1. Could you tell me which numbered condition B:Glu376 fails, if it satisfies all but one of (1) surrounded by 23 or more Cβ atoms within 10 Å (Cβ to Cβ); (2) without any contact (Cβ under 8 Å) to a residue 60 or more places away in the chain; (3) of a type outside the set (A, V, I, L, M)?
2. How many residues does the stretch B:72-112 hold that are surrounded by 21 or more Cβ atoms within 10 Å (Cβ to Cβ) and at the interface with chain A (Cβ under 7 Å from one of its Cβ atoms)?
3. How many of the residues making up the stretch B:45-58 are facing chain A (nearest Cβ under 7 Å) and without any contact (Cβ under 8 Å) to a residue 12 or more places away in the chain?
4. Given the condition farther than 25 Å from B:Phe99 by Cα, more than 7 Å from every other protein chain (Cβ to nearest Cβ) and charged (D, E, K, R), answer yes or no: does some residue in the stretch A:5-23 qualify?
5. Hey, any hits in the stretch B:148-160 for a residue that's closer than 21 Å to A:Ile46 by Cβ and outside any loop (DSSP other than H, G, I, E, B)?
6. Across the stretch B:389-411, which residue is surrounded by the most Cβ atoms within 10 Å (Cβ to Cβ) among those that are of a type outside the set (Val, Ile, Thr), in a helix (DSSP H, G or I) and out of contact with any Gly (no Cβ under 8 Å at 6 or more places or on another chain)?
7. Check whether at least one residue in the stretch A:48-65 is surrounded by fewer than 24 Cβ atoms within 10 Å (Cβ to Cβ), assigned to a helix (DSSP H, G or I) and more than 7 Å from chain B (Cβ to nearest Cβ), and report yes or no.
8. Among the residues in the stretch A:72-88, are any over 14 Å from B:Ser74 (Cβ atoms) and over 17 Å from the mean Cα position of the chain (by Cα)?
Amino acid sequence: MFDAEALIIALTVFVLAIFIGYEVITKVPPTLHTPLMSGSNAISGIVIVGALLVAGQADGIAGQILGAVAVGLGMINVVGGFMVTDRMLKMFRRSGDKR
Amino acid sequence: MSTDAIFHLNITNAAYIVAAILFIVGLKQLGSPATARNGNRMSALAMLVAIVATVVGNDIASWEFILAGAIVGSAIGAFSARKVAMTSMPQLVAIFNGFGGAASAVVAAAALIKLIDDGADIAQDVSITIMASVIVGGVTLTGSFIAYGKLQGIVPTRPILLPIRNVINVALLIGMIASTVWLVIDPSMTAFMIAGAIALALGILVVIPIGGADMPVVIALLNSYSGIAGAATGFVLGNTVLIIAGSLVGASGLILTRIMTKAMNRSLANVMLGGFGVEDGAASAGSDDDRPVTSIQPEDAAMMLAYAQSVIFVPGYGLAVAQAQHQVRELADLLKEKGISVRYAIHPVAGRMPGHMNVLLAEANVPYDELKDLDEINGEFQRTDVAVVIGANDVTNPSARTDKSSPIYGMPILNVDQAQSVIMMKRGMSSGFAGVQNELFFLDKTQMLFGDAKDSVEKITAEVKDL
């Protein structure tokens, strides 16, 4: 998995991503904070990638079941999160917009 | 490694970079309501790219379990996303946070089982990140479920303070450090399970002392944790897209947490130590205030509104509880037809989570450009004829500016008291969450309209129509 060099690279990615996240997200207006939360919730479902990796590489039945459970939990976040965010954002309209 | 494997690996990593870019651009588009929906779709596309790249780029040994998990998870997610009422959005987000945390913890468990089975030496950084992943994931899981219970009213919303909670918390923290050291020295499932159990207990203990009114902060913080847990899992697996996406969520949750604590005039430490609102009963005893207030009927309110040139509605959570959003919007439409300027002043803590009130009003077809936040609207009150406060209390209390002894002193408030006149819709004279009397009630310019908000607004609307 990791050697020292790879760890440094991973930490670099981590720190830079935090900075980008901070810059981008402070610009989200208060009106959209709830969709931001549910949307970022969906993004935290990215852990499904990890779930797929461990489930796919598991040798024993225990690993496979745990992997499948993680895939299921991740999918709830991903599918539910993006869908409910879309449902909310669909409701936001400007004055004069007809729907 | 065959050339074929290297090729696959490169394609996968390239796809991960594309996914990371799409996530960032998608979040950037959330910066405006006009582009937000597209931004959300971009994030969803990013997720699809990441998932497909993972499946294609790795030898997945068995499909049956994975497919079963994916189908069940998608079905539950889709069902809850369609069914949830907008008022229950905080509960949904809380539960989803919990699932996200659980997924990270479970992935860490599976990764550790695999490492132990392979019998290879486990590097220290790997065992530490495995522990980080299970600890943050475990705390997020139970903490979110308690937050859900409090929001839903299953768990008592009042702060629950165990007598020796500090001792217990310290003992749990020591246990957590000890089991982490154990796992690093001698990787075993036992150490992992102990850490996991401690994390689950800690999640409960950290959230139960926090009062229901502080749940918006807790949800934002747990949102951040679910991201951080994901990033930790990224370190375990050496996977950059997990680290990037997890960090983005972690940053987002932290920013929202800070916004909410600022709006509540509290420090994060103060919220997390809990107990806020315990003395509510004692404090509200002081609200047997016999100073006179002016009370009016819906007909009078209708007159005031119909002859105004500008009106600001100040909704609080009481509006959502009374389910009066649609009635308020109807009244606003009617006033706009008469050429009256109508806006809504939204305090950050108006709902049960950041931005909640905006969603509730958007659902009632209120255009988002009429929704103004604290900074935008506060200078406007003095040029406004009538401010109508519906189900909001503490966030309009002028004592927050002047009375140093008040528990809400320093809290940013809406300058409702600067409007030419104020209509305050309320059920009775009770005080708000902070347990302090609202000085706004006793101003000469303030008219109290007692009764159910939905009922009152309907009556006002009918009266305005007849004028």
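1. Condition not satisfied by B:Glu376: (1).
2. 18
3. Total satisfying the criteria: 2.
4. Yes - at least one qualifying residue is present in the stretch A:5-23.
5. no
6. Only one residue fits best here, namely B:Ser399.
7. Within the stretch A:48-65, one or more residues are surrounded by fewer than 24 Cβ atoms within 10 Å (Cβ to Cβ), assigned to a helix (DSSP H, G or I) and more than 7 Å from chain B (Cβ to nearest Cβ).
8. yes
The values are calculated or read from the model by the stated rules, or taken from the named source; none is laboratory data. What you see is a predicted model; the values in this text were computed from it and never measured. No Cβ is skipped: glycine too gets one built from the backbone with ideal geometry, and neighbour counts run over all protein chains shown.
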